Amino acid sequence: MSVTALIGAQWGDEGKGHIADRLAAESAIVARYNGGDNAGHSITIGSQVIRTHLIPAGAFHPTVTNVLAPGMVINLKSLAREVDELNHLGANLTPDRLKIDGAANLLLPGHIALDGANEVERGSHAIGTTKRGIGPAYTDKAARVAVRAALLGDPDAFERAVREHVAHSNQLLTLYDQPALDADAIVKEYAPLAARFAPFVGDTTALVHATLERGEHILAEGAQGTLLDIDHGTYPFVTSSSTITGGVLTSLGVGPKHVKRVIGVAKAFCSRVGAGPFPTELSDDMGARLRGTGANPWDEYGSTTGRPRRTGWLDLVALKYSARVNGLTEIVLTKLDILTGIHPLRVCIAYSYRDEPISNFPSDLAVLEQCTPIFSELPGWEQDISGARRIEDLPLAARVYILQIETFTGVRVSHVSVGPERSQIFEV
Ligand code: IMO
Ligand code: MG
């Protein structure tokens, strides 16, 4: 009877979807705790790659209840599209199988328009957001003017709230010299969406506690990654939600005693999409090699926006920081197969800041921006590892690479993935 937190340990896109899909099999509930449709999670079923943005990884596990927890911001248009798509593939997301917490906030058209306007205003300092309206939606939550999902079942109150949202957004859009939104058109579009999703709304906190009391298991599925966390990430180049373990507690409404496993998903190298510091970034052919050509869905191109991701060597300083702020109990290492054939491999073991070594990931952006990585070289391997199903199947150099991660972070690597298919994740 416990909660397992599944967290992105880097800058997002660590392969959380694949791991969540696997862990969903042993859970009664899979709850997404943060973010909105800025996330892009991939699940491979057979030869098919399925992308999800809002719906948790329990979608294709018939006995799992999927929860959109209070910490999320939910775009109903995206949700409708995604539910239709997944149902078409057999997910059967009925109100019994998909629950939206009444306290979750709705992400509405004004937020999307303002996300775009904010980015234009920032000019060369733009964050490179996904332009899904995430920042403005959380701004409204903190300003206490957000429209909560609880209103979906009350058509009159919902219409009033949407009109207030549009009026409020239009005031801000005018300041930015942006065109105003049409309240009537938005009300007309959203009324049927509200009616459609009203039966899905409920008290998921009560559901979570009832599930724990029955002795069943809950998976809290994160979006984005630790270094994009609003408090502990590379602010201001972050998303607007709590991506870390603390976010699980506030969103699901559970105390820390219930969280028994905290799994950090980390790629065997690093990637980042959008602007902001990235000490181990490679802008050369090696970076391009890690990225891939985009020909296969496993390559490093944004699954929400299609943008090519920035890539670089594994940053152990950042990963150790992630282990600390999340209290990781284990690491799942993904995409180890991508390193095959690269020799030597490099991992960052310290930063140099004004010619002084530092071993802690700096929370101050001004410091981080001046840090250069200090690398340690490790031997590579040549043989194809995509067929490995046990740690013993990996070449010595790959096992040394894993050992280096464990030694540096003090956290054990519990699973390794060597390809995108369900069968290509094995327990260590
Ligand atoms: P998953 O769940 C990687 C990045 C954006 C931008 C910053 C802020 O697939 O790992 P936002 O739209 O959230 O205001 O953008 O955060 N970002 C992600 N990067 N993976 C994601 O999600 C991301 N979601 C947002 O690129 O730099
Ligand atoms: Mg992604």
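Details
- Taking Cα atoms only, the orientation of helix 316-326 departs from the longest principal axis of the chain by about 40 degrees.
- Separation between Cα centres of region 139-214 and region 305-359, rounded to whole Å: 39
- Counted by Cβ distance under 10 Å from Y235, the other residues give a net charge of -3, where Lys and Arg count +1 and Asp and Glu count -1.
- Considering only Cα atoms, the convex hull volume of the chain works out to 138 Å³ per residue.
- Potential extension, I391-S78 segment - 0.36 nm per residue separation minus Cα distance: 108.7 nm
- Sequence of M72, M286 when ordered by accessible area, the most exposed leading, probe 1.4 angstrom: M286, M72
- Length gained on full extension, E85 to T250: 56.4 nm, using 0.36 nm per residue less the C-alpha separation.
- Of all DSSP bridge pairs formed entirely within the chain, close to 40 percent run antiparallel.
- The residues packed around T311, meaning those with a beta-carbon under 9 Å from its beta-carbon, carry a net charge of +3 if Lys and Arg are +1 and Asp and Glu are -1.
- I342-R122 FRET efficiency (beta carbon distance; Förster radius 35 Å; 0.05 resolution): 0.45
- Of the trypsin sites (Lys or Arg not before Pro) found in region 192-300, the ones in coil according to DSSP and having at most 13 other Cβ atoms within 10 Å of their Cβ are R214.
- Percentage, to the nearest whole number, of Cα pairs in region 139-283 over 27 Å apart: 47
- FRET efficiency for D156 and N296, using Cβ-Cβ distance with R0 set to 51 Å, rounded to 0.05: 0.55
- Highest average first, the peptides 383-390, 164-171 ordered by how many other beta carbon atoms sit within 10 Å of their residues are 164-171, 383-390.
- Sorted on the mean count of surrounding Cβ atoms within 10 Å across their residues, most packed first, peptides 300-312, 114-126 read 300-312, 114-126.
- Our estimate of slack between V400 and E213, defined as 0.36 nm per intervening residue step minus the Cα-Cα distance, is 63.1 nm.
- Translational diffusion coefficient (Stokes-Einstein; Kirkwood radius from C-alpha pairs) of region 105-199 at 37 °C, 0.692 mPa s, in µm²/s: 239
- Principal-axis tilt of helix 155-175 within the chain, Cα atoms, nearest 10 degrees: 60
- Using alpha-carbon coordinates, inclination of helix 76-88 to the longest axis of the chain, degrees: 70
- Between Q171 and A142, the FRET efficiency from the beta-carbon distance, with R0 = 22 Å, is close to 0.80.
- Ligands, DNA and RNA left out, the 1.4 Å accessible surface of the chain is 52% carbon and sulfur atoms.
- Using the average count of surrounding beta-carbon atoms within 10 Å as a protection proxy, the listed peptides 324-331, 63-70 rank, highest first, as 63-70, 324-331.
- Accessible area in square angstrom per residue, region 239-285, 1.4 angstrom probe: 32
The values are calculated or read from the model by the stated rules, or taken from the named source; none is laboratory data. Remember, predicted model here, so these are calculated numbers, not experimental data. Cβ coordinates were reconstructed from backbone atoms using ideal geometry, including for glycine residues, and neighbour counts include every protein chain displayed. The protein model used for the area step is the full one, side chains on, heavy atoms only, and it has no ligands, DNA or RNA in it. Shrake-Rupley method; radii C 1.70, N 1.55, O 1.52, S 1.80 Å.
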